[in-house]
Amino acid sequence: MSHDTVTDASRASERDLLSVERRLVDQLERSERQILELELVLSDPDTIQEDRDSARAVLDSIRADVFQIRRAITRIEMRTYGACVGCGRPIADERLQMIPFVAHCTNCA
Ligand SMILES: [Zn+2]
């Protein structure tokens, strides 16, 4: 009686998920540092309007990323990471490698 094959397979994917989670946490920390820097630029009264506008645009897009990254980390913890949140089918590996926090497959994106 042996479950070695099953155990090895789930161990491998566990390891993969851990490395994905590490990547996501790194990205999250980087993004949060960027947000702090941009908030400093915005809170500086000497910052000109043009720089303010571009800082706000970048800030918005980083905040959107942070939101997606947090949700991806939650999906890892809930064991649903890698499944499309739209249709439930697996998201292609290449797509996940390119955008680790992607939530939708190409059909649902
Ligand atoms: Zn889908």
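Since every read-out is calculated from the coordinates, none of them should be taken as a lab result. This structure is a prediction, so every number in the text was calculated from the model and none was measured. All Cβ positions, even for glycine, are placed from backbone atoms using ideal geometry, and neighbour counts span all protein chains on display.
Things to note:
- Leading residue by the ranking (nearest to Phe101 (Cα to Cα)) among those in region 22-61 that are under 11 Å from the mean Cα position of the chain (by Cα) and not acidic (Asp, Glu): Leu24
- Hey, Asp46 of a type in the set (D, E, K, R), away from the ligand (no atom under 15 Å from the Cβ), in a loop (DSSP other than H, G, I, E, B) and out of contact with any Lys or Arg (no Cβ under 8 Å at 6 or more places or on another chain) or not: yes
- If you filter region 62-95 down to residues that are in a helix (DSSP H, G or I) and within 16 Å of the ligand (Cβ to nearest atom), you find that the one that is surrounded by the fewest Cβ atoms within 10 Å (Cβ to Cβ) is Glu94.
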